[in-house]
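K.L.:
There's a structure below that I have some questions on.
Derivation of every value follows stated rules applied to the coordinates shown; laboratory data play no part. Computed from a predicted model, the values in this text were never measured in an experiment. Glycine gets a Cβ as well: all are built from the backbone with ideal geometry, and neighbour counts include every protein chain shown.
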Amino acid sequence: MEVVELSPTGTVWTWTSQEFLPKAPPYAGEETAETFQPYYVGYVELEGELRVESRLVGFADGPPHIGQQVQTVVLRFRTDEEGREVMTYAFAPTEEGVTK
Amino acid sequence: MTDVAIIGVGLHPFGRFPGKSAIEMGADAIRAALADAGLQWRDVQFAFGGSYEVDNPDAVVNLLGLTGLPFTDVYNGCATAASAISLAAQTIQLGAYDIGVAVGMDKHPVGAFSADPVQYSLPSWYGELGLFLTPKFFAMKIQRYMYDHGITRQCLAAVAAKAYRNGARNPNAFRKSPIPAEQIAESRMVNDPLTQYMFCSPDEGAAAIVLCKADIAHRFTPNPIFLRASEVRTRRYGAFEVHSPSTPLQRGDAPTTDASRAAYERAGLGPEDVDVIQLQDTDAGAEIIHMAENGFCKDGEQEQLIADGATGIDGPMPINTDGGLLANGEPIGASGLRQVHELVLQLRGDGGDRQVPGNPKVGYAQLYGAPGTAGVTIVSR
């Protein structure tokens, strides 16, 4: 197995919204039916590399659009049973992506 | 190669049936198929049974009779029924037996399917993070397809409205009330662009067919339907498939395209020869994509075809005449046998209120599902 470093920036290739709380398990998010907020998911195309599936975050001004520029961010997903913060990757609009 | 005929079809209605087990529904479907063929259970020489929820569909023998027949259980995701049909046909073609049954049955809990991603050779974080979900994949697939090929949200709503319109003409359907396209478009958003009424639901039901060596079919029925092809394929590198944490940039053909080509070749027929079509409409977008993947139109032509009513019962390419998965729901093991049940009724002229006009001769059925498996069956008079 070889580790390959991928580009931290890319463009939205496709996206959707997840508007119902996924079944747990396997879902490990901390939301309840009352606190659940829909989230965006998409495939981000990393030029010349591949497409990766990811949560899409930071879209305050409306849903993502295909072709929008995004970059990786690290975000806290939940706190596990032993009190440790579980982090994950996501993609958020770049400044350029936001203004477009 | 030995030709295979379908001489009997039977179906337990699809929907919700509290207190009734999947096995009981499977037994009802087999009894109906045998009655249709004028046969008794003791005449059946072998069987294949498909189910997702039932570990042992062969336990249906407890209800039908302990005749000792070889009964093989199969599971192949949404293509389970296609596998049962394909294996049953091959058993006859091998010359092992002359008369057999393919049956599918299921009884799913309410709500979207859920599983352990590790069972799909995926990392557990994929499920923990809320990415291991089929509906959102189908939404992302059609979202990109709409962008590439100019398909509108109105087109999605029109597909679903047609399904419920056809379901209203099918006494065995789960959803038997028409829903106007506007109401479908404005219903609760589930995964953009797909709303609540653009998705099928897992539900309950069973379906069965009786197959035999074609040269003895006329002993049992004056109007046998011939199984011209039944092909199953899995995904190849580059196909954009459900449950993929990443995908290559290079796009490859979908497993449906591969299964479709193989089935046309086996049958010696092409899409222009097909008179009645059943496509996997897990969601309204899937029906649109599958129209092109099965060769019935080019990418992007669906928008105009659907707006013109081409896929309605009276149109030139009637699709999902019994309401498809959208109006019938999806008991996984039974779904593809429901499709063939409908095709057989249509080719016999027994379609009732939903009969396709013009004496259809060739029927086509396609199944598709996780993790990238497709089945195509072609039948003809």
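K.L.:
Please go through (1) out of contact with any Leu (no Cβ under 7 Å at 6 or more places or on another chain); (2) more than 14 Å from chain A (Cβ to nearest Cβ) for B:ARG144 and return the number of the only condition it doesn't satisfy.
P.N.:
Only one criterion in (1) out of contact with any Leu (no Cβ under 7 Å at 6 or more places or on another chain); (2) more than 14 Å from chain A (Cβ to nearest Cβ) is unmet by B:ARG144, namely (2).
K.L.:
Residue check, B:GLY372 against (1) farther than 24 Å from B:ASP258 by Cα; (2) surrounded by fewer than 24 Cβ atoms within 10 Å (Cβ to Cβ), all met but one. Which one?
P.N.:
It fails just one condition, (1).
K.L.:
Quick one: is B:LYS176 touching a Phe, Trp or Tyr at 6+ places or on another chain (Cβ under 9 Å), within 14 Å of another protein chain (Cβ to nearest Cβ), surrounded by fewer than 23 Cβ atoms within 10 Å (Cβ to Cβ) and not acidic (Asp, Glu)? Can you show your working first?
P.N.:
Numbers: touching a Phe, Trp or Tyr at 6+ places or on another chain (Cβ under 9 Å): yes; within 14 Å of another protein chain (Cβ to nearest Cβ): no; surrounded by fewer than 23 Cβ atoms within 10 Å (Cβ to Cβ): yes; not acidic (Asp, Glu): yes.
No: the conditions fail for B:LYS176.
K.L.:
Can you confirm whether segment B:126-140 contains a residue that is within 25 Å of B:ILE7 (Cα to Cα) and either within 14 Å of another protein chain (Cβ to nearest Cβ) or surrounded by 22 or more Cβ atoms within 10 Å (Cβ to Cβ) (or both)?
P.N.:
In the first step, residues of segment B:126-140 are kept if they are within 25 Å of B:ILE7 (Cα to Cα); the result is none.
No, every residue in segment B:126-140 fails to be within 25 Å of B:ILE7 (Cα to Cα) and either within 14 Å of another protein chain (Cβ to nearest Cβ) or surrounded by 22 or more Cβ atoms within 10 Å (Cβ to Cβ) (or both).
K.L.:
Another one. Among the residues of segment B:1-14, count how many are surrounded by 17 or more Cβ atoms within 10 Å (Cβ to Cβ) and either closer than 20 Å to B:ILE225 by Cα or more than 21 Å from the chain's Cα centre (by Cα) (or both). I'd like the intermediate steps shown before the answer.
P.N.:
Here is the first cut: in segment B:1-14, the residues surrounded by 17 or more Cβ atoms within 10 Å (Cβ to Cβ) are B:4-14.
Narrowing further to those that are either closer than 20 Å to B:ILE225 by Cα or more than 21 Å from the chain's Cα centre (by Cα) (or both): B:4-11.
Number of matching residues: 8.
K.L.:
Could you tell me whether any residue of segment B:219-240 is within 26 Å of B:VAL110 (Cβ to Cβ), within 14 Å of chain A (Cβ to nearest Cβ), more than 20 Å from the chain's Cα centre (by Cα) and not small (Gly, Ala, Ser)? Please lay out each step first, then the result.
P.N.:
Looking only at segment B:219-240, we keep the residues that are within 26 Å of B:VAL110 (Cβ to Cβ), and these are none.
No, there is no match, as no residue in segment B:219-240 is within 26 Å of B:VAL110 (Cβ to Cβ), within 14 Å of chain A (Cβ to nearest Cβ), more than 20 Å from the chain's Cα centre (by Cα) and not small (Gly, Ala, Ser).
K.L.:
Filter the helices (runs of 4 or more DSSP H) completely within segment B:278-381 down to those with at least 1 residues that are of a type in the set (A, V, I, L, M, F, W, C) and closer than 22 Å to B:LYS136 by Cβ. Spell out the reasoning first.
P.N.:
Numbers: elements: B:284-293, B:302-307, B:324-328, B:332-348.
Helices (runs of 4 or more DSSP H) meeting the threshold: B:284-293, B:324-328, B:332-348.
K.L.:
A:GLY67: within 12 Å of another protein chain (Cβ to nearest Cβ) and surrounded by fewer than 13 Cβ atoms within 10 Å (Cβ to Cβ), yes or no? If you could, list the steps in order and put the result at the bottom.
P.N.:
Working: within 12 Å of another protein chain (Cβ to nearest Cβ): yes; surrounded by fewer than 13 Cβ atoms within 10 Å (Cβ to Cβ): yes.
Considered against the rule, which asks whether it is within 12 Å of another protein chain (Cβ to nearest Cβ) and surrounded by fewer than 13 Cβ atoms within 10 Å (Cβ to Cβ), A:GLY67 comes out as yes.
K.L.:
Run down B:SER121, B:SER114, B:SER86 and say which single residue is without any contact (Cβ under 8 Å) to a residue 24 or more places away in the chain, more than 11 Å from chain A (Cβ to nearest Cβ) and out of contact with any His (no Cβ under 8 Å at 6 or more places or on another chain).
P.N.:
Values: B:SER114 fails: more than 11 Å from chain A (Cβ to nearest Cβ); B:SER86 fails: without any contact (Cβ under 8 Å) to a residue 24 or more places away in the chain.
After applying the criteria, what remains is B:SER121.
K.L.:
Can you find a residue in segment B:185-197 that is assigned to a loop (DSSP other than H, G, I, E, B) and over 27 Å from B:LEU326 (Cβ atoms)? Break it down stepwise before answering.
P.N.:
Keep residues of segment B:185-197 that are assigned to a loop (DSSP other than H, G, I, E, B), which gives B:187-188, B:192-193.
Of the ones still in play, those that are also over 27 Å from B:LEU326 (Cβ atoms) are none.
No - not one qualifying residue is present in segment B:185-197.
K.L.:
Something else now. Could you please let me know if B:ASP43 is of a type in the set (D, E, K, R) and closer than 20 Å to B:ALA81 by Cα?
P.N.:
Numbers: of a type in the set (D, E, K, R): yes; closer than 20 Å to B:ALA81 by Cα: no.
Judged against the criteria, B:ASP43 is not a match.
K.L.:
Looking at B:PHE17, is it surrounded by fewer than 24 Cβ atoms within 10 Å (Cβ to Cβ), hydrophobic (A, V, I, L, M, F, W, C) and touching a helix residue (DSSP H, G or I) at 6+ places or on another chain (Cβ under 8 Å)?
P.N.:
Values: surrounded by fewer than 24 Cβ atoms within 10 Å (Cβ to Cβ): yes; hydrophobic (A, V, I, L, M, F, W, C): yes; touching a helix residue (DSSP H, G or I) at 6+ places or on another chain (Cβ under 8 Å): yes.
Spelling it out, B:PHE17 is indeed surrounded by fewer than 24 Cβ atoms within 10 Å (Cβ to Cβ), hydrophobic (A, V, I, L, M, F, W, C) and touching a helix residue (DSSP H, G or I) at 6+ places or on another chain (Cβ under 8 Å).
K.L.:
Which of the residues that make up segment A:25-46 are out of contact with any Pro (no Cβ under 7 Å at 6 or more places or on another chain) and either at the interface with another protein chain (Cβ under 9 Å from one of its Cβ atoms) or hydroxyl-bearing (Ser, Thr, Tyr) (or both)? Break it down into steps so the answer makes sense when it comes.
P.N.:
Here is the first cut: in segment A:25-46, the ones out of contact with any Pro (no Cβ under 7 Å at 6 or more places or on another chain) are A:25, A:27-39, A:41, A:43-46.
Matches in segment A:25-46: A:PRO25, A:TYR27, A:ALA28, A:GLY29, A:THR32, A:THR35, A:PRO38, A:TYR39, A:VAL41, A:TYR43, A:GLU45, A:LEU46.
K.L.:
Given the conditions (1) crowded, with 23+ Cβ neighbours inside 10 Å; (2) under 25 Å from B:ALA370 (Cα atoms); (3) small (Gly, Ala, Ser), which single one is not true for B:GLY111?
P.N.:
(1)
K.L.:
What number goes with the only condition from (1) within 11 Å of another protein chain (Cβ to nearest Cβ); (2) buried (at least 19 other Cβ atoms within 10 Å of the Cβ); (3) among the hydroxyl-bearing types (Ser, Thr, Tyr) that B:THR91 does not pass?
P.N.:
Answer for B:THR91: the failing condition is (1).
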